[in-house]
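The values are calculated or read from the model by the stated rules, or taken from the named source; none is laboratory data. Small disclaimer: the values here were computed from a predicted structure and weren't measured. So basically every Cβ, Gly included, is an ideal-geometry build from the backbone, and we count neighbours across all protein chains shown.
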Amino acid sequence: MRALLDRWRRGREARRGVAALERAIEAAEAGDARAPDPGLDDVLAGLAAMRADGAPDDPHLDLLEARALFLSGRASEARAPGRRAATARPYDVESRITHGLICLALDRLDEAGHEFEAVLEEFGGDPGAENGRRAVALARGRLPLDEHALPGDLDAAAGLLLTCWRRAGATQARLEALRTRGADPAVLAALEAAGG
């Protein structure tokens, strides 16, 4: 009986710990993409401690790790846990979109597009996936024209793309690459208007 109570207590503590980590990540997501939140190091340390304490392989922990790494400006490190979460939970919209955003930040546009398209195909008009798909088109230097686009959607996609590029520390290089490749002038104007 004592072993059962200890297991229940550890499980309850782990759930509280995960909830605290989720709140910290959500607070960082609401912050400015130009300055990574220093509290994310605590989130990553908490995840490492949970795993060191024998937490089972859990796609949700992979998702939290991917989000924390991405938000702290470590997009290349976020790719592996993001991919594990998306692969383990193919019907979880948050895992798929997170992996798509990481791929978008790393200029892995085919992978990013695949994630956003998969969400749209499976779940319909998810705003995050729609915005991500449009951001992929912008990253390719094309206007994301589709039948569902509203006037503000271009601005939202440009803002999302710039946020991803900032998190990868690649904004200026990616903008210069678009200029060099002769991207649609309207794409460059939208990115500049969004703060690029």
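Table for the structure above
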| quantity | calculated |
| --- | --- |
| Residue check, Thr98 within 15 Å of Ala66 (Cβ to Cβ), loosely packed, with under 15 Cβ neighbours inside 10 Å and among the β-branched types (Val, Ile, Thr) | no |
| Residue within region 139-146 that is in a helix (DSSP H, G or I), surrounded by 15 or more Cβ atoms within 10 Å (Cβ to Cβ), assigned by TED's automatic domain parsing to the domain that holds Thr98 and at pLDDT 95 or above present | yes |
| Tally of residues being assigned to a helix (DSSP H, G or I), basic (Lys, Arg) and over 21 Å from Ala139 (Cα atoms) across region 68-106 | 1 |
| Failed item, numbered, when Arg179 is tested on (1) closer than 27 Å to Tyr91 by Cα; (2) free of Cβ contacts under 8 Å to residues at least 24 places away in the same chain | (1) |
| Residues of region 104-132 classified as aliphatic (A, V, I, L, M) and in contact (Cβ under 8 Å) with a residue 40 or more places away in the chain, total | 3 |
| Qualifying residue in region 100-123 (condition: among the aliphatic types (A, V, I, L, M), in contact with an Asp or Glu (Cβ under 6 Å, 6 or more places away or on another chain) and within 21 Å of Leu47 (Cβ to Cβ)) | no |
| Any chance Ala45 is more than 22 Å from Ala118 (Cβ to Cβ) and either among the aromatic types (Phe, Trp, Tyr) or over 11 Å from the mean Cα position of the chain (by Cα) (or both) | yes |
| Of the criteria (1) in the same structural domain as Asp155 (by TED's automatic domain parsing); (2) over 21 Å from Ala177 (Cβ atoms); (3) outside any loop (DSSP other than H, G, I, E, B), which one Asp110 fails | (2) |
| One residue from Glu115, Glu122, Glu130 being surrounded by fewer than 20 Cβ atoms within 10 Å (Cβ to Cβ) and farther than 14 Å from Leu191 by Cβ | Glu122 |
| Where Glu121 falls short, out of the listed (1) part of a helix (DSSP H, G or I); (2) of a type in the set (D, E, K, R); (3) more than 20 Å from Ile97 (Cβ to Cβ) | (3) |
| Any hit, region 98-115, residues being among the polar types (S, T, N, Q), within 13 Å of the chain's Cα centre (by Cα) and modelled with pLDDT of 95 or more | yes |
